[in-house]
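For reference, the structure discussed in these notes is given below.
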Amino acid sequence: MIKRFFMTTAALVAATAPAFAHLDPAEHGSFAAGISHPLFGLDHVLVMLAVGLWAASLGGRAMLVVPASFVGAMGLGFAAAIAGVPLPFVEPVILASIIFIGIMVALALPFSVAGMAVSVGFFAVFHGHAHGGELGQAGAASFAIGFMLATAALHATGIALGLGFSRLQASAGKAYLTRSAGLATAAAGLALAFAG
């Protein structure tokens with residue numbers, strides 16, 4: 001099972017095509033460009049899914065609070081970018097977020113809802129700033145609504161995966177699928193970091 005996760009992760013990293021990363025707002029509209037933005041960047045997809053997995057591993061109100069913290073803080077980072085407020089080390093912190101959250105999922109360390117929310121919120125500011133830095137010709141408001149909705153959908157997908165894994169793992173009494181997914185996420189983050 002773990003070997004399959006690593007093979008899938010390697011295939012995803014290899015399949016990333018930066019030239020086709022995002023839709024052109026002039027051709028597709030700012031909202032569509034915003035929706036596509038997180039979906040066509042492997043770094044964003046990995047983090048959004050991992051946030052959902054991490055929230056699902058804690059369960060309860062974490063499944064609402066943790067994604068909401070990410071989306072809200074991402075909006076703040078986006079606003080800072082379009083206001084011209086600089087933020088250092090945006091790309092390295094984005095890559096670190098993949099590794100960190102992947103490790104947290106893999107290790108299943110005890111974490112409070114507040115601790116999770118603050119952790120993902122910190123990283124989300126950098127993701128939002130990156131979105132703002134790549135705004136281009138898109139209209140800021142509709143672009144932001146698009147990428148925030150896409151982010152929330154990816155979080156929901158991660159939560160659904162986490163809940164599905166929990167059901168499958170119940171008979172084994174161990175969170176092997178969830179932990180393997182976290183490990184694969186961290187490995188993908190390392191691969192992206194060294195690929196850059």
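Just so you know, all these numbers are worked out from the coordinates, no wet-lab data involved. For clarity, every value in this text was computed on a predicted model and none was experimentally measured. Virtual Cβ from ideal backbone geometry, glycine too; neighbours counted across all protein chains shown.
At-a-glance table
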item	result
Per residue convex hull volume, Cα atoms of the range 122-196, in Å³	108 Å³
Net charge of Cβ neighbours under 13 Å - reference H44; Lys, Arg +1; Asp, Glu -1	-3
Length released on extending from A195 to I103, taking residue separation times 0.36 nm less the Cα-Cα span	31.2 nm
Ranked by how many other beta carbons lie within 10 Å on average, peptides 72-85, 174-187 from highest	174-187, 72-85
Cα→Cβ-extended label distance, 7 Å offset, between S142 and V118, nm	4.0 nm
